[in-house]
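Worksheet: the structure to be examined is printed underneath.
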Amino acid sequence: MSLFLDKKDKLGKMLVTYGKISNEQLDRALAHLDSVPQPLGEILISLGFVGEEDVMEVLALQMGLRLFREQKYDKYLSINLPKIFHRQHPFALVHREEHNILVTHDPDNSEILNTAEIMLNSTFEMQMKEDEFFAEEARDLYNEILNVNPFEIQLATESEIIKLCDDHYDLGIMATEEDSQLLEEDDVDKLKDMASEAPVIKYVNGLVDTAVEQRASDIHVEPFEHGQLIRFRIDGVLYEHEKPPRSMQSAIISRIKLLAGLDIAERRMPQDGKISLRISGKEVDLRVSTLPTIHGEGVVIRILEKESIILDLGRLGMPTEVEEPFQRLIKQPNGILLVTGPTGSGKTTTLYCALNMINSGNNKIITVEDPVEYQLQGINQIQIRPEIGLSFAKGLRAIVRQDPDVIMVGEIRDQETAEIAVQSSLTGHLVFSTLHTNDALSAVMRMVDIGVERFLISSSLRGVLAQRLVRRICEECKEPIGQISEHLGYEPPGGDFEVFQGKGCQKCAQTGFSGRIGIYEILEMSNLLCRDVSRGAALEELEATALKEGFRPMFLDGLAKMQQGVTTLSEVMRVSKEAASGAV
């Protein structure tokens with residue numbers, strides 16, 4: 001018994017004919033069929049080329065079926081199925097006038113068709129037992145319908161069917177937050193099986209390979225109401241990647257969690273893990289972080305290429321007027337050197353460069369970090385573990401008893417850590433650390449706010465380096481766009497100069513940028529600045545003193561890199577707007 005008309009036209013061709021997609025989009029979707037064995041319509045939806053409604057409309061035309069439109073006199077026949085089955089194969093059974101309707105988004109799914117037919121049979125038998133009149137009057141008509149076709153198939157989108165089920169059945173497909181986060185044992189086993197299937201393994205491996213190839217620093221797998229969003233952070237900016245098929249999305253999250261050694265049954269609490277891989281001959285560490293949201297678990301994968309870390313200050317883009325004082329500061333016998341900037345501004349890489357430069361073999365260097373991003377030869381590195389009470393403060397206190405010459409604290413977050421770092425520097429140790437502040441001068445006030453006495457800051461602090469990362473203009477498509485004065489509205493210090501931008505090309509994926517470079521400012525604590533700090537000077541007074549002594553705000557380094565044709569005004573203003581007002 002055939003339930004459908006002959007399929008004379010393929011779905012993809014019909015979508016092109018009806019103007020829903022282009023031939024190029026169809027070709028891209030067809031290229032996925034070998035690696036992702038899913039229906040073509042689902043692949044097109046996941047790639048964002050077409051909407052569910054459009055696919056259903058054309059699928060109905062292709063198969064000679066009608067689209068389901070709910071009516072107020074519809075009677076929804078009861079469905080008694082395990083939740084796990086109905087989550088994977090949602091459908092609804094509707095009785096309208098003298099006809100039964102199977103509402104589905106997947107008319108080729110034999111499991112749905114067979115299950116619906118069995119349920120209609122059982123419903124009929126139950127009614128015969130309970131209603132003798134129904135048995136006498138309806139038996140012949142029902143048998144006639146059953147012998148020809150037990151139901152009419154009508155189409156609806158998956159999201160529409162899930163809403164119907166939640167409105168009319170007690171199946172909990174759209175589970176409450178607690179239900180969706182607490183998995184039954186059968187569900188966990190099913191997810192493990194799905195995560196071990198070849199298409200899922202191939203997809204996750206391909207995702208990481210592509211991210212590494214495109215120089216991404218992070219992969220974001222984000223759940224939303226209408227499916228997952230995959231994004232890569234490249235040169236500090238997020239770019240959308242092709243979406244996975246909807247049916248694979250839970251398995252993708254589970255695959256990543258299994259690789260990272262995380263509990264796939266736990267979806268209520270954040271988890272952290274790591275994966276070590278070898279990709280194209282490179283050793284790559286992946287730091288995995290999961291976060292529960294209202295639409296499911298989100299995952300961020302931080303990509304750390306062991307061989308790509310730059311341990312050369314010159315290659316970081318540090319100008320001579322910053323590099324020379326920085327070299328002096330890292331060779332001091334004691335004191336504190338701070339590096340400031342937001343997350344992802346390269347602070348840790350700069351400190352690793354400093355440690356590498358002074359790692360002579362006749363001094364002992366110990367670090368306490370969260371996390372240890374790269375392993376450095378000849379340096380003792382400690383990973384903090386808050387779950388067992390190993391904090392920055394406790395780790396730092398233990399380090400001091402290990403007779404180090406140089407100490408690096410990943411971040412000063414609280415008063416206890418700050419005070420131990422200060423005391424360590426005053427007892428003959430050179431201490432490196434980071435702070436989250438907007439500029440170098442703000443680091444002094446941040447230490448005061450944390451609770452460190454001003455006289456201790458003036459006695460221990462040797463200098464502060466502030467930095468940001470800006471995107472480099474792509475050399476393949478760089479073009480001049482006029483003079484800097486035309487874009488700033490005034491002529492900057494040092495005179496006018498020509499500026500450039502990237503117009504976008506194949507090499508830079510039409511972004512106009514390729515890679516990143518640092519812009520910097522450095523503050524050396526002179527005697528006069530130390531006296532100002534001790535007497536309680538405000539930030540404005542410290543800034544005035546620093547400028548008199550030759551302090552160069554970060555914006556000026558950004559201007560210099562624009563003059564060299566390395567970056568754009570928009571990039572410099574994006575990361576140093578506050579510095580700009582004080583620089584010109």
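The values are calculated or read from the model by the stated rules, or taken from the named source; none is laboratory data. In this text, all values refer to a predicted model and were calculated from it rather than measured experimentally. Counting neighbours? That spans all protein chains shown, and the Cβs are built from the backbone with ideal geometry, glycine included. These accessible areas exclude ligands, DNA and RNA; they are computed on the full protein's heavy atoms, side chains included. Shrake-Rupley method; radii C 1.70, N 1.55, O 1.52, S 1.80 Å.
Here are the numbers for the structure shown:
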{"item": "Out of 463, 494, 504, sole residue that is more than 30 Å from residue 418 (Cβ to Cβ), open to solvent by less than 60 Å² (accessible area, probe 1.4 Å) and out of contact with any Lys or Arg (no Cβ under 8 Å at 6 or more places or on another chain)", "result": "504"}
{"item": "Within segment 422-447, considering residues that are among the small types (Gly, Ala, Ser) and not in a helix (DSSP H, G or I), the one farthest from residue 393 (Cα to Cα)", "result": "428"}
{"item": "Criterion: part of a helix (DSSP H, G or I), basic (Lys, Arg) and open to solvent by 50 Å² or more (accessible area, probe 1.4 Å) - qualifying residue of 328, 278", "result": "328"}
{"item": "Test result for residue 226, of a type outside the set (S, T, N, Q), open to solvent by 20 Å² or more (accessible area, probe 1.4 Å) and under 17 Å from the mean Cα position of the chain (by Cα)", "result": "no"}
{"item": "Criterion violated by residue 42 - all others in (1) modelled with pLDDT of 80 or more; (2) in a helix (DSSP H, G or I); (3) within 22 Å of residue 199 (Cβ to Cβ) satisfied", "result": "(1)"}
{"item": "Per-region count, segment 531-542, residues loosely packed, with under 15 Cβ neighbours inside 10 Å and out of contact with any Asp or Glu (no Cβ under 7 Å at 6 or more places or on another chain)", "result": "6"}
{"item": "Qualifying residue in segment 60-72 (condition: at pLDDT 85 or above, open to solvent by 20 Å² or more (accessible area, probe 1.4 Å) and part of a helix (DSSP H, G or I))", "result": "yes"}
{"item": "Scope segment 516-530; condition part of a strand (DSSP E or B), over 30 Å from residue 502 (Cα atoms) and open to solvent by less than 10 Å² (accessible area, probe 1.4 Å); matching residues", "result": "523"}
{"item": "Cβ pairs under 7 Å, 6+ apart, first in segment 244-261 and within 15 Å of residue 272 (Cβ to Cβ), second of a type in the set (Lys, Arg)", "result": "260/274"}
{"item": "Residues located in segment 543-562, provided they are closer than 15 Å to residue 318 by Cα and either surrounded by fewer than 21 Cβ atoms within 10 Å (Cβ to Cβ) or not small (Gly, Ala, Ser) (or both)", "result": "552, 553, 554, 555, 556, 557, 559, 560, 561, 562"}
{"item": "Test: residue in segment 352-370 that is in a loop (DSSP other than H, G, I, E, B), of a type outside the set (D, E, K, R) and within 23 Å of the chain's Cα centre (by Cα)", "result": "no"}
{"item": "Segment 239-256, residues that are outside any loop (DSSP other than H, G, I, E, B), open to solvent by less than 50 Å² (accessible area, probe 1.4 Å) and of a type outside the set (S, T, N, Q)", "result": "241, 248, 251, 252, 253, 255, 256"}
{"item": "Residues located in segment 323-364, provided they are in contact with a Lys or Arg (Cβ under 7 Å, 6 or more places away or on another chain), more than 13 Å from residue 463 (Cβ to Cβ) and not hydrophobic (A, V, I, L, M, F, W, C)", "result": "341, 345"}
{"item": "Qualifying residue in segment 296-304 (condition: over 15 Å from the mean Cα position of the chain (by Cα), touching a residue at least 40 places away in the same chain (Cβ under 8 Å) and surrounded by fewer than 19 Cβ atoms within 10 Å (Cβ to Cβ))", "result": "no"}
{"item": "Selection from segment 384-421 of residues that are over 14 Å from residue 364 (Cβ atoms), assigned to a strand (DSSP E or B) and either touching a residue at least 24 places away in the same chain (Cβ under 8 Å) or open to solvent by less than 70 Å² (accessible area, probe 1.4 Å) (or both)", "result": "390, 409"}
{"item": "Where residue 510 falls short, out of the listed (1) closer than 16 Å to residue 568 by Cβ; (2) buried (at least 20 other Cβ atoms within 10 Å of the Cβ)", "result": "(2)"}
{"item": "Members of segment 281-295 found to be surrounded by fewer than 17 Cβ atoms within 10 Å (Cβ to Cβ) and at pLDDT below 90, listed by number", "result": "281, 282, 283, 293, 294, 295"}
{"item": "Tabulated pairs, segment 522-536, first within 19 Å of residue 338 (Cβ to Cβ), second assigned to a strand (DSSP E or B) and open to solvent by 20 Å² or more (accessible area, probe 1.4 Å), C-beta under 7 angstrom, 6+ apart or interchain", "result": "525/462"}
{"item": "Yes/no for residue 477 being crowded, with 22+ Cβ neighbours inside 10 Å and in contact with a strand residue (DSSP E or B) (Cβ under 9 Å, 6 or more places away or on another chain)", "result": "no"}
{"item": "Single condition residue 381 does not satisfy, out of (1) part of a loop (DSSP other than H, G, I, E, B); (2) open to solvent by 40 Å² or more (accessible area, probe 1.4 Å)", "result": "(1)"}
{"item": "Filter result for residue 210 (touching a strand residue (DSSP E or B) at 6+ places or on another chain (Cβ under 9 Å), closer than 21 Å to residue 29 by Cα, surrounded by fewer than 21 Cβ atoms within 10 Å (Cβ to Cβ) and among the β-branched types (Val, Ile, Thr))", "result": "yes"}
{"item": "Output for segment 461-492, where each listed residue is assigned to a loop (DSSP other than H, G, I, E, B) and either of a type in the set (A, V, I, L, M) or in contact with a Leu (Cβ under 7 Å, 6 or more places away or on another chain) (or both)", "result": "492"}
